[in-house]
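The values are calculated or read from the model by the stated rules, or taken from the named source; none is laboratory data. Model, not experiment: these values are computed from the prediction. Methodologically, a virtual Cβ is constructed for each residue, glycine included, from the backbone with ideal geometry; neighbour enumeration extends over all protein chains shown.
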Amino acid sequence: MSDPSTFDTDVLIVGSGPTGATAALALATYGVRAHVISRWNWLADSPRAHITNQRTNEVFRDLGLGEEIERYASPWDVMGDTTFTTSLAGQELVRLRTWGTGDDRKGDYIKASPCGMVDIVQPLLEPILFRTATERGASFAFNTEYLRHEQDAQGVTVFLRERLTGREYTMRARYLIAADGARSVIVDELKLPVEGQMARAGTVYTIFNADLTRYSQHRPSILNWIVTPDASFGEIGMGLLRAVRPWTQWIAGWGFDINKGEPDLSEATVRQKIGVLIGDPNVEIDIVKTSIWYVNQAYATRYSEGRVFCGGDAVHRHPPSSGLGMNTCVQDAFNLAWKLAYVVKGFAGDKLLDSYSEERAPVGKQIVLRANQSRLDYAPLNACFRVPGAENPVAAGIARFRDPGPDGVAARRAVQDALDLKNTEFNAQGVEMNQRYVSDAVLADPALGPEEWARDPQLYLQATTRPGAKIPHAWLVGRDGRRVSTLDLTGRGAFTLVTGLAGQAWAEAARGLGLPYLRVVVVGTPDAQDLYCAWQKVREIEEAGALLVRPDGHVAWRHEAAVADAATARAMLTEALGAVLDRPLPSGTPQSAGLHDHPAPAGKTPAFVV
């Protein structure tokens with residue numbers, strides 16, 4: 001490796017949003033120097049992303065932030081129903097149980113993960129990531145503008161400008177992360193291939209304060225869709241009232257026709273629109289900020305070039321429908337950070353870094369297409385509340401929907417199918433949790449054919465230990481008698497060899513390697529008792545088989561059955577780790593492992609072994 005003194009930092013990160021801040025946090029946690037620059041004076045100043053799904057909460061749990069996130073978030077049950085009304089104060093048309101809170105889905109979500117969902121807006125999330133990252137050693141520079149970069153065989157020279165003084169200077173880093181958003185300068189510089197369309201539709205968002213408790217507390221909902229004959233609301237065809245701080249701060253949203261230029265954002269027009277959505281002229285409204293944003297449908301097919309890695313909105317640009325944006329940003333950073341850490345520390349070869357783009361680019365494409373499809377999927381629902389050709393199609397549609405005659409019966413029957421379709425946006429646990437990585441950092445099991453899906457893979461999680469999938473959650477019981485998830489026994493910066501009491505050869509082999517980044521979990525020992533037999537049900541291998549789980553929780557390799565002895569196990573494990581890490585394992589006297597055999601308590605800062 002190069003002399004560290006020749007580098008100002010190991011990884012320089014452009015952008016302090018969810019991608020950049022999570023990358024800095026994870027790298028600092030793993031003992032890697034990370035420096036973040038942002039051209040802005042502080043962090044997010046508007047409540048953009050907010051839905052935080054189970055997989056992202058698992059990432060935060062792994063990084064020791066579970067309790068901190070919960071402290072500032074709106075809880076899962078508050079996310080509750082999504083309503084469709086003529087106005088917030090007016091008559092409801094239908095409701096949909098969303099985000100896994102419904103009676104028919106809650107069990108799926110509880111079974112899938114030790115983490116539920118929460119709602120935390122960016123102005124609350126980003127300071128948590130920032131503070132924790134700096135506490136663990138990352139550095140940040142605000143009011144600092146990225147100018148350009150130059151790569152060479154050893155590192156990256158980044159040219160920067162202090163916006164307050166105009167001073168220009170350079171920093172030298174081993175690697176550069178571009179987390180500079182949907183208008184990414186660095187993605188353009190690298191000429192990464194980007195497919196799709198930018199700015200295909202437009203939306204107005206207005207943040208406002210108003211006490212709407214009387215209309216929301218009895219039916220808690222983060223999202224309220226307004227079907228009203230009094231206004232036109234663009235592509236989706238409905239207006240939106242989104243709770244930012246239940247139930248006193250809100251976002252009002254509505255679409256506009258981009259072919260007619262930017263919409264009227266005068267205070268009088270904005271107040272009129274908000275009044276239509278609320279439906280109560282006596283509510284006092286304090287407008288905080290009004291802005292417009294454009295609906296993008298674009299994704300990069302490759303995320304890196306040399307020593308520069310791009311993530312977050314820079315490489316997947318899409319509307320907030322389905323609540324996938326911030327979640328995918330965080331998960332990009334989590335996937336990349338451990339790989340950079342292993343290469344910087346000499347545990348892995350450079351080829352490991354190629355797997356970042358191989359694994360995350362397909363996910364980015366998937367969520368861009370899904371988010372845009374979710375907008376289009378409002379069409380069948382709108383059709384239930386519209387009568388084409390009528391003088392006021394929406395007013396006529398609402399009247400028909402309430403009519404006791406045959407037309408009303410047909411409309412009410414159709415709305416059930418339309419709501420079922422919207423489950424692919426609002427109860428899409430499979431979209432959020434079914435990622436299957438295919439790369440050189442995953443060793444496919446040659447005995448396995450293509451995966452067969454028992455249920456709709458968009459709606460339902462299919463837990464599996466197939467290489468490339470995330471290790472399933474199962475409750476075990478620790479030495480102290482408390483429940484502990486399989487997710488808590490793995491991850492935290494290390495590879496984990498998971499086997500059972502009958503797999504002592506695997507455990508002996510793994511411990512004998514003495515690697516500082518490999519821990520051993522033997523299910524059935526006092527620290528990991530399968531008292532519920534929950535692990536037996538989901539492990540898909542024999543008790544004497546073995547799983548090799550990566551630091552990000554994804555299965556890198558598995559062997560389904562017992563081996564003859566520890567020597568055989570060691571040879572197989574050495575080969576697998578060497579292939580995944582692109583580096584032959586060291587021979588000779590084993591290193592001091594420095595392993596941590598006990599999981600961190602849920603939400604607490606864990607001990608990391610990298």
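Could you count how many residues in the range 75-98 are under 28 Å from C115 (Cα atoms) and polar (S, T, N, Q)?
Total meeting the criteria: 3.
Among R550, R492, R479, which is the only one that is among the charged types (D, E, K, R), touching a strand residue (DSSP E or B) at 6+ places or on another chain (Cβ under 7 Å) and touching a residue at least 24 places away in the same chain (Cβ under 8 Å)?
Being among the charged types (D, E, K, R), touching a strand residue (DSSP E or B) at 6+ places or on another chain (Cβ under 7 Å) and touching a residue at least 24 places away in the same chain (Cβ under 8 Å) holds for just one of R550, R492, R479, which is R550.
Is it the case that the range 211-234 has a residue that's assigned to a loop (DSSP other than H, G, I, E, B), buried (at least 18 other Cβ atoms within 10 Å of the Cβ), on the phi > 0 side of the Ramachandran plot and touching a strand residue (DSSP E or B) at 6+ places or on another chain (Cβ under 9 Å)?
Yes: one or more hits.
Among G107, G90, G100, G64, which is the only one that is assigned by TED's automatic domain parsing to the domain that holds P220, in contact (Cβ under 8 Å) with a residue 40 or more places away in the chain and within 25 Å of S485 (Cβ to Cβ)?
Among G107, G90, G100, G64, only G100 is assigned by TED's automatic domain parsing to the domain that holds P220, in contact (Cβ under 8 Å) with a residue 40 or more places away in the chain and within 25 Å of S485 (Cβ to Cβ).
State all residues of the range 172-189 that are buried (at least 20 other Cβ atoms within 10 Å of the Cβ) and out of contact with any helix residue (DSSP H, G or I) (no Cβ under 8 Å at 6 or more places or on another chain); if no residue qualifies, say none.
A173
Taking L240, is it under 28 Å from A383 (Cβ atoms), part of a strand (DSSP E or B) and not polar (S, T, N, Q)?
Yes: the conditions hold for L240.
Answer with yes or no whether I251 is on the phi < 0 side of the Ramachandran plot, within 24 Å of the chain's Cα centre (by Cα) and among the hydrophobic types (A, V, I, L, M, F, W, C).
Yes.
Determine, yes or no, whether Y169 is free of Cβ contacts under 8 Å to residues at least 12 places away in the same chain and either among the polar types (S, T, N, Q) or outside any helix (DSSP H, G or I) (or both).
Answer is yes for this residue.
What's the total number of residues in the range 267-319 that are free of Cβ contacts under 8 Å to residues at least 60 places away in the same chain and of a type in the set (D, E)?
Selection size over the range 267-319: 1.
Of (1) part of a strand (DSSP E or B); (2) assigned by TED's automatic domain parsing to the domain that holds Y356; (3) under 30 Å from K260 (Cα atoms), R174 satisfies all except one. Which?
(3)
Out of the residues in the range 247-262 meeting the condition of being of a type in the set (F, W, Y) and touching a Pro at 6+ places or on another chain (Cβ under 9 Å), tell me which one is farthest from T290 (Cα to Cα).
In this case the residue turns out to be W247.
Of the residues R307, R271, R242, only one is on the phi < 0 side of the Ramachandran plot and under 21 Å from the mean Cα position of the chain (by Cα); which?
After applying the criteria, what remains is R242.
Taking the condition within 22 Å of the chain's Cα centre (by Cα) and part of a loop (DSSP other than H, G, I, E, B), does S46 pass?
yes
So, in the range 401-424, exactly how many residues are touching a residue at least 24 places away in the same chain (Cβ under 8 Å) and acidic (D, E)?
1
Quick check on the range 377-391: of everything there that is in a loop (DSSP other than H, G, I, E, B) and of a type in the set (G, A, S), which residue is nearest to T228 (Cα to Cα)?
Across the range 377-391, the extreme among qualifying residues is A390.
Could you please give the count of residues in the range 1-56 that are without any contact (Cβ under 8 Å) to a residue 40 or more places away in the chain and touching an Asp or Glu at 6+ places or on another chain (Cβ under 6 Å)?
Qualifying residue count, the range 1-56: 0.
Residue by residue, here is whether (1) at pLDDT 95 or above; (2) outside any loop (DSSP other than H, G, I, E, B) holds:
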position	(1), (2)
D488	yes, yes
Q504	yes, yes
Y532	yes, no
R558	yes, yes
L573	yes, yes
V580	yes, yes
G588	no, no
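If you check every pair at least six apart or on different chains, which have Cβ atoms under 6 Å apart with a residue in the range 425-441 that is at pLDDT 95 or above first and a residue that is among the hydroxyl-bearing types (S, T, Y) and in a loop (DSSP other than H, G, I, E, B) second?
Taking only residues 6 or more apart or on different chains, the pairs are F426/T98; G430/Y460.
Here are V363, V330, V270, V308: which of them is over 21 Å from L25 (Cβ atoms) and modelled with pLDDT of 95 or more?
One residue alone meets the criteria, V270.
Which condition from (1) surrounded by 15 or more Cβ atoms within 10 Å (Cβ to Cβ); (2) among the hydrophobic types (A, V, I, L, M, F, W, C); (3) in a loop (DSSP other than H, G, I, E, B) is the one that L548 breaks?
Unmet condition: (3).
Are any residues in the range 392-408 assigned to a helix (DSSP H, G or I) and exposed (fewer than 13 other Cβ atoms within 10 Å of the Cβ), and if so, which ones?
R402, P406, listed by residue number.
Just to verify a result, which residue in the range 443-470, among those that are within 17 Å of the chain's Cα centre (by Cα) and aliphatic (A, V, I, L, M), is surrounded by the fewest Cβ atoms within 10 Å (Cβ to Cβ)?
Step by step, filter the range 443-470, then rank; the result is L459.
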